[in-house]
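> Please read through the structure below; I'll follow up with questions.
The values are calculated or read from the model by the stated rules, or taken from the named source; none is laboratory data. If you're wondering where the values come from, they're calculated on a predicted model, not measured in any experiment. Here the Cβ is made from the backbone with ideal geometry for all residues, glycine too, and neighbour counts use every protein chain on show. When the accessible area is computed, the model is the full protein with side chains, heavy atoms only, and any ligands, DNA or RNA have been set aside. Shrake-Rupley method; radii C 1.70, N 1.55, O 1.52, S 1.80 Å.
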Amino acid sequence: MTTLHDAPVPAAPPSAGPRVPLGGLLLSEWTKIRTVRSTVWSLIAFAVVTIGASTLIASLIAANWNSPGNDAAHTLTTDPTSLVFGPGFFLGQLALGVLGVIVVSGEYSTGAIRSSLLAVPGRLPMLAAKIIVFALLEIVISAVMIFVVFFITTSIFSSHVSITISQPGMVGACIGAIFYLTVVGLFAMSVGGLIRHTAGAIATVVGIILVVPSLIGLIPGTVAQHISAYFFTNAGVLVAQTHQQPGDLLSPWQGLGVFVLEVAILLAAGAWLLKRRDA
């Protein structure tokens, strides 16, 4: 006769593996990012393109200030950041986009993702740590570049027009530009996680930023205007303006909100696939 004490004890459920603390995950992801040469070269490209292109265009505008057809004075009054940040801002985001893709897809191309997932079987904490570390890096680098470009270009324009950081909306535009560049990097990161192939993901990011907006403009009627207003970077870049421009369907911070929501959806999709797909 079996007594209560003789009854078999149920086996404990198998362990899911040791829980890695968030601090350890953050340190691990920071080590991955800073020790990869592509990170250094992408950030150098970001700095060179952003500062170089903005300085060059500002110098050309200032040198031809009184030339016929030069409406820089009017633009600096109505939409100053379009010239203060200049094309360097537009081109620089591509370097951050490349870096955002490589941060994720690089691990898949080298096979290092398998080691990462063995160390963190839950997968999502690793992804969260990667997002946090990359976002913080972007915020710091973008802040440095935005303010360096601001003070360089405004000093170039100073002989013709005075532009200061204390002007209405200027601080908000600078902060908004920093957030925008950060979200661009996270957008590229989400694409890299979804596609998991570096060349394909970079081509997709560049196409979405440069090509698709132009194609949307070919759509007849007012449909194109509404699609364009809510389309990824078109919506997000509005936050780099000092104030809402005529014809904009969204205010600057509304545009950033739309962009953030779209990127959050892509990151969530990437997290879902990370849980379901093999490395």
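> Compute the distance in nm between two label points, each set 7 Å from the Cα along the Cα-to-Cβ direction, one at ARG123 and one at ILE175.
My value for the distance between the label points is 3.8 nm.
> Once R0 is set to 35 Å, what does the formula 1/(1 + (r/R0)^6) return for the Cβ-Cβ distance between VAL211 and THR164, expressed as a FRET efficiency to the nearest 0.05?
Given R0 = 35 Å and the Cβ-Cβ separation, E is 0.45.
> For helix 252-276, what angle does its Cα long axis make with the longest principal axis of the chain, in degrees from 0 to 90 and rounded to 10?
30
> Taking all protein chains in place and a 1.4 Å probe, what share, in percent, of the accessible surface of the range 36-110 do carbon and sulfur account for?
Here it works out to 69 percent.
> With axes computed from alpha carbons, what is the tilt in degrees of helix 22-34 against the longest principal axis of the chain, rounded to the nearest 10 within 0 to 90?
Value to nearest ten degrees: 50.
> Let me ask another. Regarding the chain, what are the three Cα extents along the principal axes, ordered largest first, in Å?
Between the extreme Cα coordinates on each principal axis of the chain lie 105, 44, 35 Å.
> Something else: To the nearest 10 degrees, how steep is helix 170-195 against the longest Cα principal axis of the chain, on a 0 to 90 scale?
Helix 170-195 sits at roughly 40 degrees to that axis.
> Springs between alpha-carbon pairs under 10 angstrom, Gaussian network model over the chain: which of ARG123, ARG114, ARG37 fluctuates most?
ARG37
> Another question, if that's okay. Out of the total accessible area of the range 214-279 (probe 1.4 Å, heavy atoms of protein only), what percent is carbon and sulfur?
On the range 214-279, the fraction of accessible area on carbon and sulfur atoms equals 67 percent.
> Using only protein heavy atoms and a 1.4 Å probe, report how much of HIS160 is accessible, in Å² to the nearest 10.
Looks like 80 Å² after rounding.
> Follow-up. For the chain, what does the accessible surface come to per residue with a 1.4 Å probe? Please give it in Å².
Value returned for the chain: 51 Å² of accessible area per residue.
> Still on this structure: Which FRET efficiency value, to the nearest 0.05, do you get for VAL148 and GLN244 by plugging their Cβ-Cβ distance into 1/(1 + (r/R0)^6) with R0 = 41 Å?
My answer for the efficiency is 0.95.
> Over 10 Å intervals from 0, what percent of Cα-Cα pairs in the range 126-279 sits in each interval?
It works out to 10, 32, 34, 19, 4, 1, in whole percents.
> Have a look at the range 191-250 and give its Rg and Dmax from the Cα atoms, expressed in angstrom.
Calculated on Cα positions, Rg and Dmax stand at 13.7, 40 Å.
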